[in-house]
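No lab work stands behind these numbers, since they all come straight from the coordinates. From a predicted model like this one, the values you see are computed outputs, not experimental measurements. Cβ placement follows ideal geometry from the backbone for every residue including glycine, while neighbour counts extend to all protein chains displayed.
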Amino acid sequence: MEFNESDLGREYLKFCQLRNNAHHTKKMDLSNIDWFYPTNLLPLGIFIKTNRDISVIPPSSSEVLSFYNIITKGKRHVSSRSSYHPIAEIPLDAHQRERMLEPLYAFESDYIGGRNAFAYLIGELVDNVYQHSSFSTAYIMAQKYPKKRFIEISIIDNGISIHGAFKKAGFEFDDTTALSEAIKGRSTKRDRERGFGLISSINLLTKGLDGECLIVSRKGGFIAKGEDKQTFYNMGEYHALNGTLICIRVSYITKTVNIYDYLEQ
Amino acid sequence: MTTLSSEIVLRIADIISENLAFRDSVDNLFSYIDSLEETNIITDFLGIKSITGSFAHQYLINKKKAIKHITERNIPLDVKKMFELVERRNLNPREISTEPIEVLDVVSSF
């Protein structure tokens, strides 16, 4: 599967184009954006936040501008009835972590295979960030699309990347190999009882929830879609990302999914 | 939290959350347990709605290392299944696949 055959892949490529143009022109031109998805809006928001010298030309569409403003405000308390969970910082403080995810757990989980499946997925993905990335800042956002009947969630951190986590543990892998080893279940903690978090989340997402997943970590990329499509990518300099971005898109599934049918035994 | 002589009941949903996700939360829980005077600890899982494999794995590791006597009660069925799954994984660690992966270069279509 080519990278741009995936919905999430295409959205990430839009981010790369905007980011790289902004580096050259010192302007982030969002005027032609017809809609944002978490896969491009989250890294865009963080890029704008960390590159204050770049001026932003806002979206021309008032609807898109309004959405952009709401999402990037980073409100902490969100009603479970909202169609979005704005960009929120993932706290470093261990005592605030579980509470931080509460609004997300209530976020349309009945349509994402039930609360158990949704909570498992989010919990494992965010725990991975805490366990391996050594980040100083990390963010999460989510958006549901009731008419299109899917939900999209993105998590980004500025940590040492998956390659860096393996390097810290004494493994010398390039970016793409590091990502593939993590997805095969190799733990950066050198413990064969560990390493199930990512592989089981991807199994549950793609096989149990028929969802799609994009991971970019430095120059390593990965897309999983449906039951059998898993592809790794060399992102090159143009499409690389400092840190790690994980995006998932899940179509609404009203039946409750038994997560134990999909977790790696 | 209920105390009865050298025994204490800890409601996990109150101390951590109804949704148990993080390994570090387990470490915090066991640090708290270590700080208690009581030697018999009952962890009460009443009201727990979900648990990750990472949380369950870390809980079992820390429980094994703990000096105090720790028992669980009111474990919901789904949570019990996760503990059982993790115990099975611990007994049968798997091999990492050595099959080569196919890697594509990303070319922008813009």
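Summarising the amide proton neighbourhood of A:Asp29: residues at separation of 5 or more, or on other chains, whose placed amide H is nearer than 5 Å comprise A:Ile57.
When both bridge partners sit in chain A, DSSP labels roughly 90% of those beta bridges antiparallel. Remark: mean inter-chain Cβ contacts per residue of A:116-125 equal 5, using a 10 Å Cβ-Cβ cutoff to other protein chain atoms. Reducing region A:131-147 and region A:1-20 to their Cα centroids gives an inter-centroid distance of 18 Å.
For chain B, the longest principal axis of the alpha carbon atoms and the long axis of helix B:23-35 meet at an angle near 20°.
Can you give the mean number of other chain Cβ atoms that lie within 10 Å of the Cβ atoms in peptide B:13-23?
Across the residues of B:13-23, the mean count of other-chain Cβ atoms within 10 Å is 6.
Helices meeting the span-like rule in chain A (full DSSP H runs, Cα extent of at least 15 Å along the helix axis, mean Kyte-Doolittle score of -0.5 or higher): A:38-50, A:62-73, A:115-132. Set the Förster radius R0 to 51 Å, insert the Cβ-Cβ distance between B:Val107 and B:Asn40 as r into 1/(1 + (r/R0)^6), and round the FRET efficiency to 0.05. For B:Val107 and B:Asn40, the calculated efficiency is 0.20. Computed from the Cβ-Cβ distance with R0 of 41 Å, the FRET efficiency linking A:Lys27 to B:Arg73 stands at 0.10.
Output the antiparallel fraction of DSSP beta bridges having both residues in chain B, as a percent to the nearest 5.
Expressed as a percentage, antiparallel bridges in chain B total about 20.
Rounded to the nearest 20 debye, the dipole size of the protein assembly as shown about its Cα centre is 440 debye, using +1 on the Cβ of Lys and Arg and -1 on the Cβ of Asp and Glu.
At 222 nm, what helix-only mean residue ellipticity would chain A give, in deg cm²/dmol to the nearest 500, using -39500 (n - 2.57) for each DSSP H run of four or more? Theoretical 222 nm ellipticity from helices: -11500 deg cm²/dmol.
Peptides A:25-35, A:228-238, ordered by how many other C-beta atoms sit within 10 Å of their residues on average, highest first, read A:228-238, A:25-35. In this structure, the amide hydrogen of A:Phe150, modeled 1.01 Å from its nitrogen in the peptide plane, lies closer than 5 angstrom to those of A:Tyr145, A:Tyr252, counting only residues at least 5 positions away or on a different chain. Partner shielding of B:98-104 amounts to 6, given as the average count of beta-carbon atoms from other chains within 10 Å of each residue beta-carbon.
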